[in-house]
1. Using a Förster radius of 35 Å, what is the FRET efficiency between Thr175 and Cys130 based on their Cβ-Cβ separation? Nearest 0.05, please.
2. Fully extended, how many nm does the chain gain between Ala99 and Arg59 (0.36 nm per residue separation, minus their Cα-Cα distance)?
3. When ranked by the protection proxy of mean other Cβ atoms within 10 Å per residue, highest first, what sequence do the peptides 139-151, 169-181 form?
4. Which aspartates and glutamates does Lys154 reach when only Cα atoms under 20 Å apart count, and residues fewer than 8 places away in its own chain are ignored?
5. Assuming R0 = 25 Å, can you tell me the calculated FRET efficiency for the pair Val32 and Arg77, based on Cβ-Cβ distance, to the nearest 0.05?
6. Measuring from centroid to centroid over Cα atoms, what is the spacing of region 40-63 and region 155-180 in Å?
7. Once the dipole of region 120-193 is set up with Lys and Arg at +1 and Asp and Glu at -1 on Cβ about the Cα centre, which of Gly152, Ile180, Gly136 lies farthest towards its positive end?
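We did not get these values from a lab; they are worked out from the coordinates using the rules stated. This structure is a prediction, so every number in the text was calculated from the model and none was measured. Reconstructed Cβ throughout: ideal geometry from the backbone, glycine too, with neighbour counts over all protein chains shown.
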Amino acid sequence: MTTPAKNAARTGTKAIAPALGVPAAPPLPDDVEALLRRLRLPHIRRHAPEVVATAKAQRWEPVEVLRALLGEEAIGRERSALATRRAAAGFPTGKTFQAWAPEASSIPAPTQQALRTLEWVARRENLVVCGPSGTGKTFLLEALGQQAVETGLKVAWFTLEDLGVLLRRHRADDTVTKAIARVLRADLVVVDDIGLLPVAQGRRRGPLPARRRRI
């Protein structure tokens, strides 16, 4: 959970740090609570009692109260949007560059750094990562995908087997084109395990058009 001090640093507001032993802030009036629900401002609703109490005790200017409340709403929405994008991507393990060891990879350090800028995604370039099993290919791909999600991009993760299942499922009712169109709404499409397993003849039809950035 983001602390008030961290939120204050990001939004330029005063930190809200209730002292130990101080009673909890009184709840908002029912009509204010109802208005915040109608306006769909859940993060302001959650933090407003504490902000209002702190502002009163520290004699904040009205604009400081507004800034603090809007800052909490903005940070909360960003956090929720990130969680939604991450869940929609369908990553297999949740690995990120925090656990990545650049020196253990056979990929040259300058190449790793260039990939992490994600500039190749903006240029709509494809990336192919190949090598023996157990050399960190999937780890690298997922870390790149996670970084893309954190920058606000939409990512879709598939194995080749997943794509085969997707095509078979939608071929029955002739909705393959629509299914592929939904996949291509992502800014970055990752297809893992290409060449690891043989693909049945019926699954080779309907390849992804090269319209989006793919790994």
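1. It comes to 0.60.
2. Working: separation 40, 0.36 × 40 = 14.40 nm, distance 4.47 nm.
Between Ala99 and Arg59, full extension yields 9.9 nm more.
3. The most tightly packed comes first, giving 139-151, 169-181.
4. Within the straight-line limit of under 20 Å, Lys154 reaches these aspartates and glutamates: Glu78, Glu119, Glu125, Glu142, Asp162, Asp187, Asp192.
5. Values: r = 20 Å, r/R0 = 0.79.
E between Val32 and Arg77, to the nearest 0.05, is 0.80.
6. 48 Å
7. Ile180
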